[in-house]
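All remarks here apply to the structure that follows.
The values are calculated or read from the model by the stated rules, or taken from the named source; none is laboratory data. None of the values given here were measured: they were computed from a predicted structure. Cβ placement follows ideal geometry from the backbone for every residue including glycine, while neighbour counts extend to all protein chains displayed.
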Amino acid sequence: MTTKVVLLSIRPRYAEKLFNGTKRVELRRMKPRLNEGDIVLIYVSSPVKELQGRFEVETVLEKPVDELWAYVWKDAGISKKEFDEYYSGAERGCGIYLRAPASIRKPIGLDDLRELWSDFHPPQSYRYLSASELSVVASAM
């Protein structure tokens with residue numbers, strides 16, 4: 001089985017919670033094709049605009065939204081109200097459980113990412129990286 005690498009955009013306050021351990025599951029409206037052991041690179045969105053770290057996928061859970069909260073509430077790092085607002089109108093939701101979150105020594109800002117990777121655009125949600133894209137990013141980490 002080949003390890004996939006995904007670049008995930010995460011809002012600053014949630015990224016901070018991932019790195020400090022108060023958030024152990026990343027919630028998504030759309031389920032990416034991830035398996036245990038795959039790698040997620042964390043791009044922290046505006047106003048930070050930096051590639052700041054990574055984590056390994058422990059497991060991925062997909063459930064109807066009205067059932068998902070019962071599984072993720074301890075690890076989500078958000079309130080029930082925030083959960084309900086995020087999933088408003090969605091039928092299903094996804095939780096990506098993480099292990100070994102790590103900050104990179106020197107975060108890579110958006111301008112530097114664009115110098116390294118000429119057609120770089122932060123993903124709206126997530127994007128899978130090819131081997132060549134990963135090598136460009138990995139060389140700067």
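Tabulated data for the structure shown
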item: Some residue of region 1-15 being free of Cβ contacts under 8 Å to residues at least 40 places away in the same chain and farther than 29 Å from LEU110 by Cα; result: yes
item: Scan of region 43-63 for residues that are touching a Lys or Arg at 6+ places or on another chain (Cβ under 6 Å) and either buried (at least 17 other Cβ atoms within 10 Å of the Cβ) or within 22 Å of TYR87 (Cβ to Cβ) (or both), ordered by number; result: SER45, GLU58, GLU62
item: Failed criterion for TYR86 (all others in (1) in contact with a Pro (Cβ under 8 Å, 6 or more places away or on another chain); (2) farther than 30 Å from SER135 by Cα hold); result: (1)
item: Matching residues, region 108-124, being free of Cβ contacts under 8 Å to residues at least 60 places away in the same chain and either charged (D, E, K, R) or assigned to a strand (DSSP E or B) (or both); result: ILE108, ASP111, ASP112, ARG114, GLU115, ASP119
item: Failed condition for TYR126, given (1) surrounded by fewer than 18 Cβ atoms within 10 Å (Cβ to Cβ); (2) closer than 19 Å to ARG13 by Cα; (3) not basic (Lys, Arg); result: (1)
item: ARG99 in a strand (DSSP E or B), touching a residue at least 40 places away in the same chain (Cβ under 8 Å), closer than 29 Å to VAL136 by Cβ and of a type in the set (D, E, K, R); result: yes
item: Region 40-67, residues that are assigned to a loop (DSSP other than H, G, I, E, B) and either polar (S, T, N, Q) or without any contact (Cβ under 8 Å) to a residue 60 or more places away in the chain (or both); result: SER45, SER46, PRO47, VAL48
item: Where PHE19 falls short, out of the listed (1) buried (at least 20 other Cβ atoms within 10 Å of the Cβ); (2) within 18 Å of LEU51 (Cβ to Cβ); result: (1)
item: Residue count for region 5-23, restricted to those that are out of contact with any strand residue (DSSP E or B) (no Cβ under 6 Å at 6 or more places or on another chain) and either hydroxyl-bearing (Ser, Thr, Tyr) or not in a helix (DSSP H, G or I) (or both); result: 5
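Matching residues to (1) more than 26 Å from ALA131 (Cα to Cα); (2) of a type outside the set (A, V, I, L, M, F, W, C); (3) modelled with pLDDT under 95:
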residue	(1), (2), (3)
VAL5	no, no, yes
PRO64	yes, yes, no
LYS74	yes, yes, no
LYS106	no, yes, yes
ARG114	no, yes, yes
